[in-house]
1. Quick one: what pairs do we get from the stretch 199-223, first residue surrounded by 10 or more Cβ atoms within 10 Å (Cβ to Cβ) and modelled with pLDDT of 95 or more, second among the acidic types (Asp, Glu) and in a loop (DSSP other than H, G, I, E, B), C-beta under 9 Å, 6+ apart or different chains?
2. Which of (1) more than 12 Å from ligand 1 (Cβ to nearest atom); (2) in contact with a strand residue (DSSP E or B) (Cβ under 9 Å, 6 or more places away or on another chain) is the odd one out, the single condition residue 184 does not satisfy?
3. Which residue, of 29, 90, 8, is more than 16 Å from ligand 2 (Cβ to nearest atom), out of contact with any Pro (no Cβ under 7 Å at 6 or more places or on another chain), open to solvent by less than 60 Å² (accessible area, probe 1.4 Å) and of a type outside the set (Lys, Arg)?
4. Residue 315 fails exactly one of the following numbered conditions: (1) over 15 Å from residue 238 (Cα atoms); (2) open to solvent by less than 50 Å² (accessible area, probe 1.4 Å); (3) touching a Leu at 6+ places or on another chain (Cβ under 9 Å). What is the number of that condition?
5. Considering only the stretch 136-176, state which residues are outside any loop (DSSP other than H, G, I, E, B), within 13 Å of ligand 1 (Cβ to nearest atom) and open to solvent by 50 Å² or more (accessible area, probe 1.4 Å).
6. So, in the stretch 109-125, of the ones that are buried (at least 21 other Cβ atoms within 10 Å of the Cβ), among the hydrophobic types (A, V, I, L, M, F, W, C) and in contact (Cβ under 8 Å) with a residue 60 or more places away in the chain, which residue ends up farthest from ligand 2 (Cβ to nearest atom)?
7. Among (1) in contact with a Phe, Trp or Tyr (Cβ under 8 Å, 6 or more places away or on another chain); (2) open to solvent by 10 Å² or more (accessible area, probe 1.4 Å); (3) of a type in the set (D, E, K, R), which single condition is residue 57 missing?
8. Quick check on the stretch 177-198: of everything there that is modelled with pLDDT of 95 or more and of a type in the set (Lys, Arg), which residue is most open to solvent (accessible area, probe 1.4 Å)?
Amino acid sequence: MQPMNTLLLDARVPEDLQHAASLLAAGQLVAVPTETVYGLAADATNPQAVAAIFTAKGRPSSHPLITHVSSIDEVSRWAQHVPAWVEGLLHVFWPGPLTLILEKQPWVPEVITGGLPSIGLRMPAHPVLLQMMRCAGLALAAPSANRYQKLSPTSAKQVMAGLGGRIAAVLDGGPCSVGTESTILMAKADEARILRDGPVTAQQLQPHLPVEVKSFEAHSHAVPGNQKLHYQPEAKLFIKSTKDMLEALRYPSANIGYLVYSTPLATLQSPTFLVLPSDHQGYRRNLYASLHRLDQRRLQQIWVESPPLSPDWLDIHDRLNRAADK
Ligand code: TXA
Ligand code: MG
């Protein structure tokens with residue numbers, strides 16, 4: 001791939017927002033902010049533009065992409081035979097970090113769905129992105145804006161570090177407020193199954209579903225792109241108990257980054273030591289940014305204190321387990 005000059009655009013500047021929309025409409029790739037993580041976007045109606053996403057990311061073309069829409073009304077344009085219960089669900093959770101897998105309309109380009117008969121749809125809760133999509137009449141196919149199998153970015157700077165020189169522009173909309181990828185729910189008339197844990201939990205979904213929500217069989221390969229190896233920093237990542245961390249931090253190593261959240265550890269000192277908030281929303285918002293920061297120090301290892309085991313932390317465990325060295 002020929003290196004290109006990647007523009008850094010500011011989402012607060014109307015001309016920059018307009019510029020991002022024009023680039024997308026012209027078939028270029030622009031990384032855009034969402035509330036979960038930054039997405040690498042292309043006009044979802046332009047198969048060539050969508051195909052370029054796979055080259056820029058270095059991602060296999062069999063992995064389907066999420067299509068981002070700017071209203072609930074757009075669902076019927078992209079999906080058919082939508083179960084009747086879905087509309088009620090969307091009114092509760094959209095815009096927000098919930099992706100629905102539905103049967104695709106026949107016209108939808110195969111390059112988006114990796115040849116699958118289904119399509120992933122999400123309406124992101126980022127006001128500037130929604131405004132841009134609505135003004136330009138755009139729907140955006142977008143995976144997370146990282147190189148294949150690397151950590152998802154939660155700031156424009158992290159996108160630049162990974163994809164600078166490979167895409168037309170990065171639209172800086174500030175740090176992502178949620179910080180980890182959306183929950184993915186497969187929706188059929190008589191079945192609702194979580195394919196990827198995320199910020200919207202099974203408990204939150206259940207009251208709005210007509211059937212009992214199922215979860216995926218651990219790391220099913222039935223979903224291309226849902227592989228176990230994913231979301232990896234450069235350094236080898238290990239998950240350690242609070243007790244092991246306390247022990248290790250008595251003699252910290254300069255080659256190891258430590259990421260902790262609990263009170264007994266949060267007061268210790270080491271140059272490669274970061275403390276995450278102990279509430280799960282704060283933890284989630286800062287997790288990837290902290291891993292990126294430690295990774296910049298070119299450490300050999302990153303040790304992460306094992307987070308709490310309660311159900312609302314499921315998605316954090318999922319991401320850390322995938323990032324961990326096997
Ligand atoms: O929060 C998010 O979901 C972010 C932001 C940018 O919206 N996007 C994101 O995209 O995480 P990506 O490509 O990194 O992960 C999307 C996941 C993949 O694991 C893919 O396999 C799954 O969604 N997916 C997409 N379409 C699908 C389909 N039709 N059937 C099953 N899985 C699908
Ligand atoms: Mg991703």
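1. 199/35; 199/181; 206/212; 210/190; 211/190
2. (1) is the only condition that residue 184 fails.
3. After ruling out the rest, the residue left standing is 90.
4. Going through the list (1) over 15 Å from residue 238 (Cα atoms); (2) open to solvent by less than 50 Å² (accessible area, probe 1.4 Å); (3) touching a Leu at 6+ places or on another chain (Cβ under 9 Å), residue 315 breaks only (3).
5. 150, the sole residue that qualifies.
6. Top of the filtered list is 111.
7. Of (1) in contact with a Phe, Trp or Tyr (Cβ under 8 Å, 6 or more places away or on another chain); (2) open to solvent by 10 Å² or more (accessible area, probe 1.4 Å); (3) of a type in the set (D, E, K, R), only one is false for residue 57: (2).
8. Across the stretch 177-198, the extreme among qualifying residues is 188.
The values are calculated or read from the model by the stated rules, or taken from the named source; none is laboratory data. Computed from a prediction, not measured in an experiment: that's the story for all the values here. As a convention, Cβ positions derive from the backbone with ideal geometry for all residues, glycine included, and neighbour counts pool all protein chains shown. In case anyone asks, the SASA skips ligands and DNA or RNA and just uses the protein heavy atoms, side chains included. Shrake-Rupley method; radii C 1.70, N 1.55, O 1.52, S 1.80 Å.
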